[in-house]
Amino acid sequence: MIHLSKTAATEVTRLKSKHPNPNALFRLGVESSGCSGLSYTMAFDDAPAPEDAVCESEGISVAIDPQHLKYLNELTLDYSEDLMGGGFRFHNPNAAQSCSCGNSFSAKE
């Protein structure tokens, strides 16, 4: 399903600690936008929807709407910091093409 690197899991845990619900789920998704057609979305939800796919990686529960799963299956989420700051990096085997910022992509047919 979804793979989080140790650094990504640490950052998600840090962000989750600021959420009012300590049991919130980390949600990954996509939306139509960005220079390549689809952009990644990340949020925290209090509970999964009944139809959600939920997996666990590095101790983080990740919820995904089943309609988004075809775009995100086997995605690896990483986090790194550089002189410009920190950010999540998406390594998606379902992407036919990614934009230079790495936050949007077009899907393989």
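The values are calculated or read from the model by the stated rules, or taken from the named source; none is laboratory data. All figures in this text were calculated on a predicted structure; none of them were measured in a lab. Here Cβ is always computed from backbone atoms with ideal geometry, including for glycine, and neighbour counts include all displayed protein chains. In case anyone asks, the SASA skips ligands and DNA or RNA and just uses the protein heavy atoms, side chains included. Shrake-Rupley method; radii C 1.70, N 1.55, O 1.52, S 1.80 Å.
Results, tabulated for the structure shown:
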quantity	calculated
Matching residues, segment 34-81, being open to solvent by less than 50 Å² (accessible area, probe 1.4 Å), in a loop (DSSP other than H, G, I, E, B) and on the phi < 0 side of the Ramachandran plot	Ser36, Ala49, Asp52, Asp65, Leu75
Qualifying residues in segment 15-33 (those that are charged (D, E, K, R) and under 15 Å from the mean Cα position of the chain (by Cα)) - the one farthest from Cys55 (Cα to Cα)	Glu31
Filter result for the condition that a residue is charged (D, E, K, R) and at pLDDT 95 or above, over Glu58, Glu31	Glu58
Residue identified as over 13 Å from the mean Cα position of the chain (by Cα), of a type in the set (A, V, I, L, M, F, W, C) and at pLDDT 90 or above among Ala47, Ala63, Ala107	Ala47
When residues of segment 1-28 are limited to those that are crowded, with 17+ Cβ neighbours inside 10 Å and assigned to a strand (DSSP E or B), the one modelled with the lowest pLDDT	Leu25
